[in-house]
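Every number in this text was worked out from the coordinates using simple rules, so none of it is lab data. Treat the numbers as computed from the prediction; the structure is a model and nothing was measured. Cβ atoms come from the backbone with ideal geometry, glycine included; neighbour counts cover every protein chain shown.
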Amino acid sequence: MSPEQSTEKESPLKRRRDELGLTQRDIAVAIDVSVQTISNWETGRFKEVRLTLPQVKALCRVLKWTVEDLPDDFKPSD
């Protein structure tokens, strides 16, 4: 698999996290969830991400995204 193909199948959350040099723990602490939750989002184990409004704001801050930048889901593309 080429690097381009692996990037296409990568979770948008993981891709952004890697771009910013953040760990799963960095994200988890910022939005007050477990590291396992972040891992589950990135692997697609959770079908739906449920966050409070303060958590959404914190996620946007840590990822340097606007609400419009947030993907519809964090699972890897097929």
Study note, to complete from the structure: Once normalised by the length of segment 3-65, the mean sequence separation of its alpha carbon contacts under 8 Å that are 6 or more apart gives a contact order in percent of 33 percent
Study note, to complete from the structure: Ranked on Cβ counts within 10 Å of their own Cβ, fewest leading, 46, 74 go 46, 74
Check your understanding: Assigning unit charges at the beta carbon (Lys, Arg +1; Asp, Glu -1) and nothing else, what dipole magnitude in debye, to the nearest 20, does the chain show about its Cα centre?
Key -> 300 debye
Point to revise | Footprinting exposure proxy for 56, 33, 67 (fewest neighbouring C-beta atoms within 10 Å first) | key: 67, 56, 33
Check your understanding: Out of [x] 12.0, 39; [y] 14.2, 45; [z] 13.2, 40, which label holds the value of Rg and Dmax of the Cα atoms in Å that was computed here?
Key -> [x]
Study note, to complete from the structure: Among trypsin sites (Lys or Arg not before Pro) in segment 12-78, those in a DSSP loop whose Cβ has at most 14 other Cβ atoms within 10 Å are 45, 47, 50, 64
Review point. Which parts of segment 56-71 would a label at residue 32 reach, counting a residue when its backbone N lies under 19 Å from a point 7 Å out along Cα-to-Cβ?
Key: 56-63
